[in-house]
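For reference, the structure discussed in these notes is given below.
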Amino acid sequence: MAATRERKVPALVDKPMDFCPGCGHGIVSRLIMEALEELDQLDNIIFPIGVGCSSNLGAGLECDRLHCCHGRAGAVATGMKRVSPDTLVVSYQGDGDAYNIGIAETFNAAYRNENITVIVINNTNFGMTGGQMSLTTMEGQKTSTSIYGRDCSVTGYPIRFPEIVAREFPGAAYAARGTVTNPANINKLKGYIKNALQAQLNHEGYSIVEVLSPCPINWGLTPVKAMERIEKELIPYYPIGEFKKRGEEQK
Amino acid sequence: MAEMMKGNEAIAEAAVRAGARFYAGYPITPSSEIMEYLSWRMAEVGGSFVQAESELAGINMVIGASACGVRALTASSGPGISLKQEGISTLCDEGLPAVVITQVRYGNGLGTLFTAQCDYNRETRGGGQGDYRCIVLCPSSVQEFVDLMLPAYELSEKYRIVVVMMGEGTLGQMMEPVTLPDFVETKRTPWALTGKYDYKKIGIFERDSRKEAVELREKYAAIKENEQRWFDEGVEDADYVFVAYGVPGRATLGAIRELRAEGEKVGLIRPITAWPFPEKAFAKINPACKGVITVEENATGQLVDDAALYIKKTHKDRNIPAYALTYVYNTPPIRSIKADYHRIKNGEVKEVY
């Protein structure tokens with residue numbers, strides 16, 4: 001039997017954040033803060049923060065953070081890390097920020113194997129601006145800019161970036177995808193985040209954790225149905241797991 | 001002792017000696033030698049260099065390094081500086097210092113590789129979104145460029161603002177005798193992000209734009225009052241006062257000295273700060289002056305707007321005409337400036353204002 005744990009607010013969070021009911025961001029930001037606490041890094045962390053729903057992270061944190069131009073967190077993180085090599089630099093971005101507008105910076109930071117950690121909240125749309133199609137929108141998914149469902153023949157297919165990192169960038173330290181649909185997956189995700197942070201602490205190189213996260217408001221689903229959608233529709237296309245483990249040789 | 005150095009290399013070394021310890025940028029003619037030099041030089045002094053994937057990424061890397069309290073630099077030209085504008089606006093918005101070098105080349109769009117002064121409006125008006133200015137320094141020689149690098153960083157940190165070093169292709173590409181300054185010791189800025197949250201940065205959700213607007217107006221007023229720099233000669237008794245900066249400013253100095261020797265009462269104001277514009281220099285101009293004449297390396301005349309504005313402000317009771325001699329690109333020869341002066345004097349050139 002697991003002991004009853006006291007519910008406490010992570011030390012780095014000082015205010016409630018303005019995420020929608022049923023959103024996954026809150027769970028992920030809590031996991032990051034818990035991981036930092038467990039790794040004894042509360043006084044050694046800078047967050048370059050993306051534009052979109054991810055921006056709300058900055059509203060609740062009591063630690064060093066900088067809101068970046070839309071999509072440029074990969075570049076800002078690079079500048080920060082190059083001049084602060086022993087400080088943890090963790091970019092926190094959504095799929096629109098990291099992949100749509102920011103693909104050049106995201107891709108090139110991984111390509112150069114910057115010793116940073118990238119957390120991407122993938123909710124398959126632009127949450128903040130009203131649920132427009134993004135690079136991770138599923139084929140056939142209806143969004144405010146794909147009202148008949150995403151037509152991949154003219155918009156391209158949903159991108160699986162952690163897999164690209166694992167496959168194409170030999171130096172990268174760690175690439176994983178997790179989700180927040182149930183306690184088991186949440187625990188697994190926390191392990192991924194800790195692995196990514198530990199890789200950076202050990203100067204092993206680039207680490208990325210993508211998180212499949214529900215967006216009930218823009219998906220037009222209840223929070224519970226949104227979680228079910230992740231399990232049924234997203235995980236079959238976006239598998240969860242570690243694609244590049246720490247210390248693993250390139251396949 | 002002075003030694004012959006290529007402009008861009010001397011400028012890059014001067015930046016290092018002024019404490020720059022981070023460079024990120026993207027190659028573009030005529031500024032590339034700055035990044036080539038720093039690609040190996042930064043490592044020698046314990047700094048960092050990143051060849052960025054784009055100008056956008058370059059300026060955003062500068063944002064990251066500056067946010068962590070390190071003197072950061074990027075350099076580019078024409079279209080590259082356009083791509084950096086969002087980042088420059090962000091630096092100004094966040095109160096982060098940085099120095100941006102532009103070795104201006106001629107043209108709209110992709111433009112050309114000719115040395116020019118076509119980007120005066122962009123640099124002096126705050127070229128990106130929002131409501132901000134950068135301090136703009138416009139040296140006229142390699143030595144002056146080198147000597148302004150340390151003041152550039154000091155100004156950028158004093159006012160927490162971006163300083164644009166507005167050069168020209170010529171200043172990067174030519175060789176001149178240069179005496180390099182000594183190295184300065186720097187430490188991280190007090191507002192640096194260290195990971196320890198010892199500087200309580202105000203988050204974007206707690207900011208008050210109306211309160212900041214008051215501070216911004218006060219800051220810009222202080223810069224205008226305290227930081228105007230210029231060179232002038234012969235303006236107190238001049239019938240005509242030339243206004244020119246950069247290398248054309250040098251050519252114009254040669255022209256006014258020859259014209260003076262020929263009995264013409266002409267003077268020169270050479271702005272060293274394009275923003276703040278050297279209004280105080282205009283206050284020295286002969287009250288009976290017959291006209292101000294800008295010498296510019298562009299097609300449409302940009303400096304003339306400021307020259308006209310400030311002669312009007314400092315000589316309110318008189319409607320002194322402002323003329324523009326626009327040479328499109330390349331430094332105008334002294335003989336052209338002199339010939340065009342006589343055309344103005346003879347009434348053959350229509351005033352702009």
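Charged neighbours of B:Arg217, selected by a Cβ distance under 13 Å, balance to 0 (K, R count +1; D, E count -1). Within the stretch A:1-97, antiparallel bridges make up roughly 10 percent of the DSSP beta bridges whose residues both belong there.
When you restrict to C-alpha pairs under 8 Å that are six or more residues apart and normalise by the size of chain B, the relative contact order lands at 17 percent. Other protein chain C-beta atoms within 10 Å of residue C-beta, averaged over B:190-200: 5. Mean silhouette area of the protein assembly as shown, derived from the convex hull of its C-alpha atoms and averaged over all directions, reads 31.2 nm². Scoring A:150-160, A:238-248 by mean Cβ neighbours within 10 Å over their residues and listing the highest first yields A:238-248, A:150-160. One decimal place: the segment B:Asp239-B:Asn108 gains 43.6 nm when fully extended, by the rule 0.36 nm per residue minus the C-alpha distance.
Take A:192-205, A:48-61, B:115-128 and order them by the average number of nearby Cβ atoms within 10 Å per residue, most first; the result is A:48-61, B:115-128, A:192-205.
Shown here are the Rg and Dmax of the Cα trace of the stretch B:184-291, at 21.6, 67 Å. Tally Lys and Arg at +1 and Asp and Glu at -1 over the other residues with C-beta under 10 Å from the C-beta of B:Val349: what net charge comes out? Here the count lands on 0. Helical runs assigned H by DSSP (4 residues or longer) give chain B a calculated mean residue ellipticity at 222 nm of -12500 deg cm²/dmol, each run adding -39500 (n - 2.57) before division by the residue total. Counting Cβ atoms of other protein chains within 10 Å of each Cβ in A:56-66 and taking the mean gives 5.
Here is the size of the stretch A:1-148 from its Cα atoms: Rg then Dmax, 16.1, 49 Å. Take A:165-178, B:165-178, B:256-269 and order them by the average number of nearby Cβ atoms within 10 Å per residue, most first; the result is B:165-178, A:165-178, B:256-269.
Close Lys pairs in the stretch B:159-235, defined as Cα atoms under 21 Å apart and 8 or more places apart or on different chains, number 8. Beta bridges per DSSP, both residues in the protein assembly as shown: antiparallel share near 25 percent. A convex hull fitted to the Cα coordinates of the stretch A:1-82 yields 120 cubic angstrom per residue.
Taking all Cα pairs closer than 8 Å and separated by 6 or more residues, the relative contact order of the stretch A:147-225 comes to 28 percent. In terms of distances greater than 24 angstrom between alpha carbons, the cross-link table entries A:Lys15/A:Lys244; B:Lys284/B:Lys316; B:Lys280/B:Lys316 yield A:Lys15/A:Lys244.
Read the figures in this text as sums done on the coordinates, not as results from a lab. These numbers were taken from a predicted model, which means no experiment stands behind them. Because the Cβ atoms are built from the backbone with ideal geometry, glycine has one as well, and the counts that use them run over all protein chains shown.
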